[in-house]
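Quick notes on the structure that follows.
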Amino acid sequence: MKKILSILLAMVMIVSSITVAFVAFAAAADPADVVEMINAQSAYIANADNGDGTSHKLPGYSFIRKLTPSTVVTGEGREIINEIMANKYPEYAEKPYHTDSGYDLGAILANVVGVSAVDKKVKKNSDASLTIGRDALKPLKLDAADVKSATKSGNIYTLKYNDIDIVAGERVEDSVLADITANFPQATGLDKTIVNSLKSHDTALTPSNFTLTIKDIKVTAKFDSTGRFTELSYNYTIAGKVSLTYVDPTPFDVAFTLKDYTRYTSFDYYNEGIDFDYDELAKKINEGTAYMVDTKAGYTYARDNKYEKQENSNGDYVDYLFTLNTAELLSSNAALSTVFGTILGYVDKIEISVDEKLGTDLRASKWVCKNANSSDPNVRKCTSSDPHQIWQCTCKDVSGCCSCCPAGTGCTSTHPCDKDGACRSEDCKCGYVNDPDCKYVFNTEKELSDLDANVAGIFSTIGSALNGTIGETAKTKFAIGSTTANIAPTSDPTKKLDKKFTVKATQLDVFDIEEPSFDPSDGTITFKIADQSEENGYKSLSHLTDDYVTNEEFVNALNASFANSLSSLTEKLNIAVLNSKLVYSNITCTVKFVDAAEDNMYGTGEIESINLSYDMLAASKDPKKNADDPSTETSTPIIDYTFVTSMRSSVKDVEYIDYEKGDVNMDTSVSLMDAKLVLRYVAELETLNDYQMLLADMNEDSAVTIVDAKAILEKIASQTV
């Protein structure tokens, strides 16, 4: 008994010590101290000005806002609300406000108060407002007098605030939420807004006992050992409850909450002497390329763009592939079903492989699987997109079922070998796989011709036409092949190069550049650009070069070439519009500045060389299912195509000319033509680039006037003949 009592006493002491430690760990804190720390750190992160004539680079951070809505409706209230919303509020008929289970009052509330979920990354040394708008962290000016309580737990500080009673007339604008963010919930007067909406929409709902508060308001700050933020967060809950009467005098209650949890986290502080200044890098490249263009620098240009080989069904590596989905084509077109009906039983797809050396190869395929051809509506058909599946186990010791499964259980979907017995997942893997007997059976062009020579000839003609239209269009648009040129200084580069290949005065910004690095061994700077597609408008790529094609341009070119070459077939084939997804990836740019060195990577600021590379995928769009109604899946594209290319270009041996002051037209001599050009500029009949303005400003007063034209004439007159 004594031993038991001593054990119990020891346990009580341990629990007591844990409790004491916990209380000490989460101790009260001085609100003034916490507020001062938060205000100082937020000012450093949001404002580059140190206030003493110096400045610093702004840190980056992640911004995350999560919303958790919840609604409880008593009695038959849910059915009543769904019916009224459907009849009186058509603006909320779609997702995210309406789901299979009815109307999401939480999502509607989030829309009304103007808050939404966000997850974005702010780059360091950038303007956060350009990335997250009003959610950008601002220099906070929190007031300790507003704090209800403050606690400290290690390096985590928490400030709690009083609830905001909206029904009692309290305003969000007067709360800490307005102090910490410019994007606070527009909830002031929300109770009146809701009541007025019920009346103005003739809902026949009568509200009573309305309560609406913003509660659990809390600001939390985490600091590292140096006093810098590691996280700043705030959260609150909008909570409301109202009794509603409809036809029945007995009311039903609606209670709703919307929890907002917002965090500034993953602070990425700028390290002087270590980190790249993205903004400076973009500025230096922009200035360097503009100087090349403005001064008509000479250079050597080389470009190579080639198809990346793809493997066809025969195992050959070819330049690109077309697939004609004949089963889809025939089933959707009665006229073609009559013409091509004889081949429907043999062919689902026609694959056209194209290789510049091997020519064009035509192969036909038919999907073969269990129930694939069943006409019984009660039997699930097996298709290439939804094949029949079987249960399969593979083991280290036995191919098939596991020998180590318990006796009598075998290897089945209900008793997989890696769930019972001695077998573990690393020894044996079980699961559903596509039935290996379900597959495409291929026929060569000759075998297809043996089945039906007439139809085979038609498809062969279509295949050749596709190669001659879509294939040639892609080759032209992507500029497949090599391009070289030597651009002499002061010359017009478009005389030798397509304009899109010439050096562009870039417009890079801090948001374009990814992963910059400097190589001291050769003085080059390399950076990447994020993948470019129709979704981001190819914006970053357009800032760097004009040597690219947009998805819209590519699709328009495909449609035009296809319609011109196959005008007699396009109507029957029902493929007048071809769609594509065009994506650029692995975009890398390497720049070297003249006299670049480890202690001065931008050298003189003049560019010595600039190289660009990227990979590109162009493919027909995949069919998409409607999330609300899977039965409305768009049909499989009748023509599938895939092009994969890689582009590499270089500008090197850049040669600059030192122009004489007054040589405004940059023809390497000062003449009457230069004075005339200045006069035309003064009369607003001509424009001058920055470098020409420098050459024209004879008296160096940072303005180009008639006085400068006179100075040029005087210089010409003083020249010896």
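Numbers at a glance
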read-out: All positions within the range 514-533 that are surrounded by fewer than 14 Cβ atoms within 10 Å (Cβ to Cβ), of a type outside the set (Gly, Ala, Ser) and free of Cβ contacts under 8 Å to residues at least 60 places away in the same chain; value: Glu515
read-out: Failed item in (1) under 15 Å from Tyr234 (Cα atoms); (2) open to solvent by less than 30 Å² (accessible area, probe 1.4 Å), with Ala107 passing the rest; value: (1)
read-out: Search result, residues across the range 468-513 that are more than 22 Å from Asp615 (Cα to Cα), open to solvent by less than 40 Å² (accessible area, probe 1.4 Å) and not in a loop (DSSP other than H, G, I, E, B); value: Thr469, Ala485, Ile487, Pro493
read-out: Strands (runs of 3 or more DSSP E) wholly inside the range 183-273 containing at least 3 residues that are touching a Gly at 6+ places or on another chain (Cβ under 9 Å); value: 206-223, 252-268
read-out: Among residues of the range 663-721, those that are open to solvent by 70 Å² or more (accessible area, probe 1.4 Å), in a loop (DSSP other than H, G, I, E, B) and either β-branched (Val, Ile, Thr) or in contact with a Gly (Cβ under 7 Å, 6 or more places away or on another chain) (or both), counted; value: 4
read-out: Those helices (runs of 4 or more DSSP H) lying entirely in the range 1-100 with at least 2 residues at pLDDT 90 or above and farther than 30 Å from Asp253 by Cβ; value: 31-46
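Let's see how each residue does on (1) of a type in the set (S, T, N, Q); (2) surrounded by fewer than 17 Cβ atoms within 10 Å (Cβ to Cβ); (3) over 27 Å from the mean Cα position of the chain (by Cα); (4) in a helix (DSSP H, G or I):
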position	(1), (2), (3), (4)
Asn111	yes, yes, no, yes
Val115	no, no, no, no
Lys120	no, yes, no, no
Ser126	yes, no, no, no
Ile132	no, no, no, yes
Lys138	no, no, no, no
Ala150	no, no, yes, no
Leu159	no, no, yes, no
Ala168	no, yes, yes, no
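Conditions (1) under 22 Å from the mean Cα position of the chain (by Cα); (2) open to solvent by less than 20 Å² (accessible area, probe 1.4 Å); (3) farther than 30 Å from Glu94 by Cβ; (4) modelled with pLDDT of 75 or more, marked per residue:
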position: Thr550; (1), (2), (3), (4): yes, no, no, yes
position: Leu573; (1), (2), (3), (4): no, yes, yes, no
position: Leu582; (1), (2), (3), (4): yes, yes, no, yes
position: Thr604; (1), (2), (3), (4): no, no, yes, yes
position: Ile610; (1), (2), (3), (4): no, no, yes, yes
position: Ile639; (1), (2), (3), (4): no, yes, yes, no
position: Arg648; (1), (2), (3), (4): no, no, yes, yes
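The values are calculated or read from the model by the stated rules, or taken from the named source; none is laboratory data. Just so it is clear, the model here is predicted, and its values are computed rather than measured. Please note: Cβ atoms are built from the backbone with ideal geometry, for glycine as well, and neighbour counts cover all protein chains shown. Please note that ligands, DNA and RNA were not included when accessible areas were found on the heavy atoms of the full protein model with its side chains. Shrake-Rupley method; radii C 1.70, N 1.55, O 1.52, S 1.80 Å.
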